[in-house]
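Note sheet for the following structure.
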Amino acid sequence: MVAPLIDEAGLLARLLAADPAARQIIGIAGPPGSGKSTVAERLVAAANAARPGFAALLPMDGFHYDDRLLGELGRHARKGAPDTFDVGGLAHTLARLRARNEAAVAVPVFDRNIEIARAGARLIAQSVRLVVVEGNYLLLAEGDWAALRDLFELTVMIETSEADLNARLTRRWQDLGLAPEAIAAKVEGNDLPNGRRVIGQSARADFRLRT
């Protein structure tokens with residue numbers, strides 16, 4: 001059965017209408033370049049505009065393995081594939097956030113300008129009611145990733161055409177100054193195959209959102 005469609009306004013209304021005393025952790029998944037980061041950022045900003053301090057953002061990209069480690073593993077060329085992330089670290093962080101028994105939880109944030117995750121770059125306070133997690137593989141029904149599904153109160157899959165994904169990913173690498181041949185290698189050899197894996201191997205989300 002196909003998940004129902006929802007728009008950003010409807011999703012925000014649903015999240016704000018939930019039990020104000022409980023913490024919600026929601027997962028926003030989608031292929032690279034689908035716009036999930038932008039959707040998640042807008043959702044957090046809108047929630048905090050309505051209720052200051054209500055929401056916080058946790059990007060999955062903060063759990064990238066370091067480039068040096070990826071080089072040692074022979075996986076640097078496939079950076080962004082499921083096995084290049086610390087899925088166990090993400091699961092433990094989500095468990096800490098669900099327990100909500102610490103004053104704050106420090107989480108890593110990926111710095112795209114240097115292509116490296118920065119440890120302890122953001123604090124999610126105990127008072128936060130909504131944690132929006134975004135990433136490619138949050139619903140991937142493979143290996144250790146499959147266990148993440150039960151850590152979310154609600155999940156959303158971002159839908160975008162492959163043509164739009166190609167254009168956005170190309171523009172992303174152009175903005176970082178890569179040469180055309182390097183961009184083609186990254187998009188065709190890594191980003192789009194990862195995106196097809198997300199589309200084909202992810203568990204059903206609670207909702208779909210088109211960008």
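The values are calculated or read from the model by the stated rules, or taken from the named source; none is laboratory data. As the structure is a prediction and not an experimental result, all values here were calculated from the model. Glycine also receives a Cβ, built like all others from the backbone with ideal geometry; neighbour counts cover every protein chain displayed. Each accessible area value is taken on the protein alone, full model and side chains, heavy atoms only, with ligands, DNA and RNA left out. Shrake-Rupley method; radii C 1.70, N 1.55, O 1.52, S 1.80 Å.
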Would you kindly calculate the translational diffusion coefficient of region 127-174, applying Stokes-Einstein with the Kirkwood radius from alpha carbon pairs, for 4 °C and a viscosity of 1.567 mPa s, and quote it in µm² s⁻¹ without decimals? 98
Running Debye on region 49-131 with equal point scatterers at the Cα sites and no solvent, what base-10 log of I(q)/I(0) appears at q = 0.17 Å⁻¹? -0.72
Using per-residue counts of other Cβ atoms within 10 Å, averaged over each peptide, order 179-186, 198-205 from highest down. 198-205, 179-186
DSSP-defined antiparallel bridges as percent of all bridges, the chain, nearest 5: 30
For region 111-127, 3J(HN,Hα) per residue [Karplus equation, 6.51 cos²θ - 1.76 cosθ + 1.60, θ = phi - 60°, Hz, x = Gly/Pro]: 9, 5, 5, 10, 6, 9, 7, 9, 5, x, 8, 8, 10, 10, 6, 4, 6
Which of 194, 101, 136 moves the most in a Gaussian network model of the chain with Cα springs under 10 Å? 101
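Percent relative contact order of the chain, based on C-alpha pairs within less than 8 angstrom and at least six residues apart? Kindly include the intermediate steps, with their values, before the conclusion.
Working: 346 pairs, mean separation 74.2, N = 211.
After rounding, I find 35 percent.
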Tell me, what ³J(HN,Hα) does each residue in region 150-157 have, in order and in whole Hz, if you take phi through Karplus 6.51 cos²θ - 1.76 cosθ + 1.60 with θ = phi - 60° and put x for Gly and Pro? 6, 8, 10, 6, 8, 10, 9, 10
Enumerate the calculated ³J(HN,Hα) couplings along region 62-67 in order (Karplus 6.51 cos²θ - 1.76 cosθ + 1.60, θ = phi - 60°), each rounded to whole Hz, writing x wherever the residue is Gly or Pro. x, 9, 4, 5, 5, 4
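Would you mind working out the accessible area per residue for the chain, using a 1.4 Å probe, and quoting it in Å²? Working shown, then result.
Details: 10000 Å² over 211 residues.
I get 47 Å² per residue for the chain.
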Given H placed on each backbone N at 1.01 Å, which residues far from residue 110 in sequence or on other chains put an amide H within less than 5 Å of it? 62, 118
In µm²/s, what is D for region 112-211 at 25 °C and 0.890 mPa s, where D = kT/(6 pi eta Rh) by Stokes-Einstein and Rh is the Kirkwood radius from Cα pairs? 155
Using Cα centres only, tell me the gap between region 151-211 and region 1-66 in whole Å. 18
Around residue 208, which amide H atoms from residues at least 5 apart in sequence, or from another chain, sit under 5 Å from its own amide H, with H modelled in the peptide plane? 5, 6, 157
